[in-house]
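Notes follow once the structure below has been shown.
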Amino acid sequence: MNEEELRFIKQWILKAEEDLLVVHQLLKADTPVTGIIGFHCQQASEKFLKALLLYHKIDVVKTHNIEYLLEKCSKIDNSFSSIDPGNLTDYGVEMR
């Protein structure tokens, strides 16, 4: 993997970490806005999963479907198949 590819993957991870930072900040609010928190949780999950796929040189299609991404990641590490994302995908779609 070349330096440019690694830099691109790191950008995905940094953006995912920003989403998590927003989640942590929003959870501290007196009245947490759960829909927005869910959206940023979905976004962080999506970006982390896509970064893993890219690192393993697996093509990433344009999707927000966490279940699909988990299925792809389970080909790298079977433990991903035991993750239940609940309705996390819905937060990415509903918020758009």
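Just so it is clear, none of the values below were taken in a lab; they were calculated from the coordinates. Everything numeric here is computed off the predicted structure, so don't read it as measured data. Heads up, the Cβs are rebuilt from the backbone with ideal geometry, glycines too, and the neighbour counts pull from every protein chain shown.
Across the range 3-94, the mean sequence separation of Cα contacts (distance under 8 Å, 6 or more residues apart), normalised by length, yields a relative contact order of 29 percent. Size descriptor for the chain, Kirkwood hydrodynamic radius: 14.0 Å (Cα pairs only, one decimal). Between the helical axis of 3-27 and the longest alpha-carbon principal axis of the chain there is an angle of about 20 degrees. Extension gain, Glu5 to Asp90: 0.36 nm times the residue separation minus the Cα-Cα distance gives 27.6 nm.
Placing unit charges on the Cβ atoms only, positive for Lys and Arg and negative for Asp and Glu, gives the chain a dipole magnitude near 180 debye about its Cα centre.
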